[in-house]
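Heads up, the thing below is written out as C-alpha cells.
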Amino acid sequence: MAKLQVGVVSPEREIWSGAADMVIAKTVDGEIGIMPNHAPVLGVLVEGGVLRVKRDSESDLVAAVHGGFISVADNEVSILAEAAELGSEVDVARAKDALERAQASIEANQDDADAQIEAKRNRARLRAAGEDV
Amino acid sequence: MGAQLRLLRRRIKSVKSTAKITRAQELIASSRIVKAQQRMQAAVPYEREITRAVTGVVSNTSTVSHPLTVAKEQPRRAGVLIVTSDSGFCGGFNANILREAEALAGLLRGKGIEPTPFVTGRKGVTWHSFRHREMGGQWTGFSRRPAYADAKAIADTLIEAFTEENGIDEIHIVSTEFVSMLTQEVVVKRILPLVVEETTEAPPTPLPYFEFEPTAGAVLDSLLPRYIESRIFTALLQSAASEEAARRRAMKSATDNANELIRVFTMQMNQARQAEITQEISEIVGGANALADAAAGKE
C-alpha cells in the first residue's frame, strides 16, 4: 500500500518528517483522517489540537499543534503549524502548572480570551504527552 | 627619549588595542553568521510549504477574491517596511538599505503614491526620527535574532493598516538578502497586494484541485496573513545573517587596517629611535674630539 509522506513544520524549525499510514488532525470543521490516496485537501487547524500520525511498525506519533493548516496532495501531507510540539518533548509538570494558572484566570474573568487560548494549548500539550485531561 | 618617539609609542599602543577589539568583533560575527544561517535553513521548509499552499489556493480559486489579493486601481499611499540592524559596526549595511528605501520612496512619489515608512532596527529608527520623518510603525531589539512572534507583530500592524479605511494600498519591503558569505544584496519586494512568489523549483505538474476545509474563503482568510508573516520572517532572518556577514567584513578590514598602521608606526618608531642613537653617538664623539683637540692645543 502506498505510504503518506508527512512533514510537520513550524516557522522556526521542521518538527518531524517521515512516512506514515494515517494522519488524524483536528480542523475547524472537526476531526479529519487522511489515508493514502486521499483527495487534495487544504484545511484550517484549530488552536490547541492534537495531531496523531499512525505508523505500522512504530507507535503513534502524537503532537500538540496550535493553529495552522493541513495540506494534502499526492500522498504528501504537510502540517503547517504556528507552533507545534511533539508529545515526547512536552514538559508535563510545566504544562500542568500553566493550565492551572490559565484556569484560575478564567474563573476570575470569564472573558479572558488569552487565558482561554492558553488553557486550550496546554490541554492539547498534556493530551499529546499522553496525560488525561 | 625624544618627543616623537614617545608619540609613536602611544599611537601604536592605542591602535593595537583597537585591533584587538575589531578582531574580537570579527570572530564573534563569524560564529554568529553560522547560527543565523542555521536559523535561515530551519525556516525554509515552512516557507516552502506555505508558498505551495497559497499558490494552490490562489491558482484554483480564481473566483474567490480576497481583500489582500486585490490591487486598488488608483493606489494613494504605500507602506514601506525597512529592515535595518540594531547595532552599528557593520560597514555600509544600513546605509545601503536606507539609500535603497529613499530611491523607492522617490519612485513611489513619482507615481503619485505617498510612502509611509515602517521601520525595524534601531539604526533605521534613529535615522528616521533624526530627520523628523513620521513612521507608521517601529520595532527594535531583535535584529540579530528575530523570532516568529516579531514577524507576526510586524505583519499584524501592516495588515491592519492595509485593511483599514483610507489606510495604505500597497506594502513594499526593503531588506538585505543573504546570497552568500561574501555577497548580500539589498532587495525591494512588494508583498501586498499579494503576488505569490514561485519557489525556485518549477511546479512539476499543474497543481491539484484542492478541497477546502471548511471553505475556500475561510482558508484564504487565515492562510494569507500566515503567508505574509512567513515572508516577513524570512526577510528578518536573511537580514540578520547579512548583518553579521557585513559586520564580519567591516571588522576584518578594520583589523587589517590597524595591523598595517601598526607596521608603519613601528617602522617610523624604529627609525626615530635609531636617529636618536646616531645623534647621541655623534654628539659624544664630537664632544670627545673637541676635548681631545683642546687637550692637544694645551701641550
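Rule-based calculations on the coordinates, nothing more; no lab input. In this text, all values refer to a predicted model and were calculated from it rather than measured experimentally. Positions of Cβ are backbone-derived with ideal geometry, glycine not excepted, and every protein chain shown enters the neighbour counts.
Below, the figures for the structure above:
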{"read-out": "For the range A:63-123, convex hull of alpha carbons as volume per residue, Å³", "value": "77"}
{"read-out": "Principal axis dimensions, chain B - Cα atoms, whole angstrom, descending", "value": "125, 41, 27"}
{"read-out": "At 1.306 mPa s and 10 °C, Stokes D of the range B:92-248 from Kirkwood alpha-carbon radius, µm² per second", "value": "92"}
{"read-out": "Separation in nanometres of the label points that stand 7 Å from Cα toward Cβ, at A:D29 and B:T18", "value": "6.8"}
{"read-out": "Rounded to 10°, Cα long-axis angle of helix A:92-108 versus longest principal axis of chain A", "value": "50"}
{"read-out": "Shielding by partners, peptide B:109-122 (average Cβ within 10 angstrom, other chains)", "value": "0"}
{"read-out": "B:A275-B:A95 FRET efficiency (beta carbon distance; Förster radius 60 Å; 0.05 resolution)", "value": "0.85"}
{"read-out": "Value of Rg/Rh across the range B:126-170 [Cα atoms, Kirkwood radius]", "value": "1.03"}
{"read-out": "0 to 90° range, to nearest 10: angle between helix A:113-128 axis and chain A longest Cα axis", "value": "50"}
{"read-out": "Among the listed pairs B:K152/B:K189; A:K54/B:K152; A:K3/A:K120; B:K123/B:K189; A:K120/B:K189; B:K20/B:K123, those beyond 29 Å (Cα-Cα)", "value": "A:K54/B:K152; A:K3/A:K120; A:K120/B:K189"}
{"read-out": "Förster-model FRET efficiency, 60 Å R0, A:E89 and B:R6, C-beta, rounded to 0.05", "value": "0.40"}
{"read-out": "GNM result for chain B, Cα springs below 10 Å: residue of B:E229, B:E73, B:E280 fluctuating most strongly", "value": "B:E280"}
{"read-out": "Chain B: relative contact order as a whole-number percent, Cα under 8 Å and 6+ apart", "value": "32"}
{"read-out": "Cα gyration tensor category, rounded, prolate or oblate, for the range B:202-299 with a/c compared to 1.5", "value": "prolate"}
{"read-out": "Distance between modelled label sites at B:M181 and B:S87, nm, 7 Å Cα→Cβ extension", "value": "2.1"}
{"read-out": "Inter-probe distance in nm under a simple model that places probes 7 Å from Cα toward Cβ, at A:K96 and B:A295", "value": "10.3"}
{"read-out": "Per residue convex hull volume, Cα atoms of the range B:1-160, in Å³", "value": "157"}
{"read-out": "GNM result for chain B, Cα springs below 10 Å: residue of B:T18, B:T116, B:T215 fluctuating most strongly", "value": "B:T215"}
{"read-out": "Whole-percent pair-distance distribution, where bins are 10 Å wide, for the alpha carbons of the range B:69-145", "value": "19, 48, 25, 8, 0"}
{"read-out": "Chain A - Rg and Dmax from Cα coordinates, angstrom", "value": "15.3, 53"}
{"read-out": "FRET E, pair B:S222, A:A2, Förster distance 35 Å, beta-carbon r, rounded to 0.05", "value": "0.75"}
{"read-out": "Proportion of all alpha-carbon pairs of the protein assembly as shown beyond 30 Å (%)", "value": "58"}
